[in-house]
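> Take this structure, written in C-alpha cells, and hold onto it; I'll ask about it next.
No value in this document is a laboratory result; all are computed from the given coordinates. Owing to the predicted nature of the structure, the values given are computational and were not obtained by experimental measurement. Backbone-built Cβ (ideal geometry, glycine too); neighbour counts: all protein chains shown.
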Amino acid sequence: MRFVDEVDMSVRSGRGGRGSSSFRKEKYVPMGGPDGGDGGDGGDVVFIADEGVGTLLDLRQRTQWVADDGEHGQYRLRSGAQGKDLEIRVPVGTMVYNRAEDQLIFELLVEGDRRVACPGGKGGLGNRHFKTSTNRAPRQTTPGEPGVTIALRLELKLLADVGLLGFPNAGKSTLISRISAARPRIADYPFTTLTPMLGVVSVGDSHSFVVADIPGLIEGAAEGKGLGHQFLRHVDRTQVLLHLVSLAELAPGPDEDGPRDCSPLRARYMVIRDELRRYDADMLTRPEMVVLTQADTATAEEISTALALFPEGAVVISAVTGAGVQELLHAVWSRLQGLRGR
Ligand SMILES: Nc1nc2c(ncn2[C@@H]2O[C@H](COP(=O)(O)OP(=O)(O)OP(=O)(O)O)[C@@H](O)[C@H]2O)c(=O)[nH]1
Ligand SMILES: [Mg+2]
C-alpha cells in the first residue's frame, strides 16, 4: 500500500461568453437604443473535500477536466447563461499543487471545503455599456475572457487516525496484523518494518479507524540513527498515538528466580518521547495511550510493577494470545470519539 496517493491532471475553467451587439427593435420606436446583453461567466474549476471519497484512485481515469463555457449575450438585454462549475470531489486531506511550479496551491482539510483552482473567464460586455452622449448607437462589445488552464498534481497523505510508536521489536507490526487485514513483515530483529503501512481496524460491527504502523525509533533517531525519524511525518497528523512499550525488555532482577527489573520500560518510554520532541515538540501534546505489549512474557507481579511506572495509565496486551486487545480497541475508539466530539 502506498502512503502517498498521487495523480496528475490538467484543468481548464470555462471561457466567458461574448457580449452581444444589438438594438431595440420595436414597432413605434424607430431609433431603439443598444440592447445587447452581457456574456455569461465561464464555469470555475472547483475542488470539494468529500468524506465519502477515500482515495484519488477514481480521478486517474481522466486527465483533462474542463468546466463549461459561459454563453454569449443576446438581444433585449438578455445575459448569456453562466457556465456550470466543474466540481471535482476529492478526499479530505488532498493537497493540490501547481505542477509547473511545484507549488502548493491549497489543501482541503475539512469535509465540505470548497476551493476554486481556476476561476472561469468573465463574460464580455454587451453594446449597451458603450452608449455615450455622442455615440448613441455603439456596436462595440467585448469578448469574454478565456478560461485558465493549469496542470495540477494532487497528493493525498493517507490519513491514519492512530499512529503506532515504539522501539524496534515493540510489537507494532504484530499488533496491526492482529487487528487489521494489513500483513506487515514481523520478525524478532529490529527494523523489520522499513516502510509504513496502514491498516483499517473494525471495532464492533459498524465502527472503524485507520492505524499506521511505522518503523521503530531508537535513541538518536533525530540524528539519523536507525532509520531516522522522518517516518514520523506519517503519524504527525494522527489524532491518537499508541506508544508501545514491550514487557519483554525487562532487565534481570537481583534475585535470579524473583521478578525482573521493570525500570528500563520507563527509561525506554522517555527515550521515545524525547525523539518525538526532537522531531516536533507539538507531538508531545498529542493525545497518547501507553500500551504495554507482549504481556505473555511477563509475570502478573512484573506487570503490576510496570503499570505503576505509568501513572498516566496504560493498557496491557499480548498480540500473540490476544489478551487485552479488544479492550484496547474499544479504549482507542472511545478516545477518538471523545476527540471528534470536541
Ligand atoms: N511473546 C510475544 N511476542 C511478540 C508479541 N508481539 C510481538 N512479538 C514478537 O516480537 C518480535 C517483534 O515484533 P514486531 O511486530 O515485528 O515488532 P515491531 O515493533 O514491528 O518491530 P520493528 O518493525 O522492527 O520496529 C517478533 O518476533 C514478534 O513475534 C507478543 O504479544 N508476545
Ligand atoms: Mg514492525
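> Ratio of the stretch 4-157's C-alpha Rg to 2.2 N^0.38 Å, to two decimals?
Here the Cα radius of gyration is 1.37 times the empirical estimate.
> So for the stretch 162-340, averaging the separation of alpha carbon pairs under 8 Å that are six or more residues apart and normalising by length, what relative contact order in percent results?
Rounded, it is 21 percent for the stretch 162-340.
> Please give the net charge around LEU276, taking every other residue with its beta carbon less than 11 angstrom from that of LEU276, where Lys and Arg add +1 and Asp and Glu add -1.
Once all neighbours under 11 Å are counted, the net charge is -2.
> Excluding ARG12 itself, calculate the net charge of residues whose Cβ lies under 13 Å from the Cβ of ARG12, where each Lys or Arg counts +1 and each Asp or Glu counts -1.
Local charge sum for ARG12: -3.
> Hey, got a sec? Which GluC sites (Glu not before Pro) in the stretch 98-161 land in a DSSP loop and have at most 13 other Cβ atoms within 10 Å?
When the GluC sites (Glu not before Pro) of the stretch 98-161 are filtered for loop state and at most 13 Cβ neighbours within 10 Å, GLU101, GLU111 remain.
> While we're here: Taking H as built 1.01 Å from N, whose amide H comes closer than 5 Å to the amide H of LEU125, not counting residues under 5 places away?
GLY19, GLY39, THR142
> Could you list, in their original order, any pairs among LYS27/LYS131; LYS25/LYS131; LYS172/LYS225; LYS84/LYS157 whose Cα atoms are separated by more than 28 Å?
LYS84/LYS157
> Another question about this same structure. Tell me whether the stretch 273-342 comes out rounded, prolate or oblate; compute the Cα gyration tensor, take square roots of the eigenvalues as a ≥ b ≥ c, and use a/c under 1.5 as the rounded threshold.
Because a/c hits 1.5 or more and a/b fails to exceed b/c, the stretch 273-342 counts as oblate.
> Something else: Sorted by average packing, counted as other Cβ atoms within 10 angstrom per residue and highest first, what order do 322-331, 235-244 take?
Answer by packing, highest mean first, reads 235-244, 322-331.
> Before anything else, pin down the relative contact order of the chain: Cα pairs under 8 Å, at least 6 apart, normalised by residue count, whole percent.
15 percent
> Would you be so kind as to identify which of SER20, PRO138, MET9 lies farthest towards the positive end of the dipole of the stretch 4-157, taking Lys and Arg as +1 and Asp and Glu as -1 on Cβ and the Cα centre as origin?
Highest projection toward the positive end goes to PRO138.
> Relative contact order for the stretch 1-82 using alpha-carbon pairs under 8 Å, separation at least 6, rounded to a whole percent?
About 43 percent, as a whole number.
> While we're on this one: So what are the stretch 1-54's ellipsoid semi-axes, whole angstrom, largest first, if each one is the square root of 5 times an eigenvalue of the alpha-carbon gyration tensor?
One finds semi-axes of 50, 11, 5 Å for the stretch 1-54.
> Next question, about the same structure. Cut-off is 10 Å between beta-carbons; in what order do SER334, SER133, SER20, SER177 appear when sorted fewest neighbours first?
SER133, SER334, SER177, SER20
> I've got another one for you. For the stretch 4-157, build the charge dipole from Cβ charges (+1 Lys, Arg; -1 Asp, Glu) around the Cα centre, then report which of TYR75, ALA100, MET31 sits farthest towards its positive end.
Sorting the options by dipole projection puts first MET31.
> Now, a different point. If you rank MET9, MET270 by fewest surrounding Cβ atoms within 10 Å, what's the result?
Lowest count first: MET270, MET9.
> Here's another thing I want to ask about it. Highest first, please rank the peptides 291-299, 67-75, 258-266 by the mean number of other Cβ atoms sitting within 10 Å of their residues.
Result, highest mean first: 67-75, 291-299, 258-266.
> Per the Kirkwood definition applied to all pairs of different Cα atoms, how many angstroms is the hydrodynamic radius of the chain?
Radius from the Kirkwood sum: 24.2 Å.
> So for the stretch 165-293, considering every pair of alpha-carbon atoms, how many percent are separated by more than 27 Å?
The proportion of pairs with Cα distances above 27 Å equals 20 percent.
> Hey, if you put +1 on the Cβ of every Lys and Arg and -1 on every Asp and Glu Cβ in the chain, which of GLY313, VAL116, MET197 ends up farthest toward the positive end of that dipole?
Value: VAL116.
> Hey, fewest Cβ within 10 Å first, where do ASP50, ASP213 land in order?
Ordered from fewest to most neighbouring Cβ atoms within 10 Å, ASP50, ASP213 come out as ASP50, ASP213.
> Hey, what D do you get for the stretch 197-257 in µm²/s if you plug the Kirkwood alpha-carbon radius into Stokes-Einstein at 4 °C and 1.567 mPa s?
89 µm²/s
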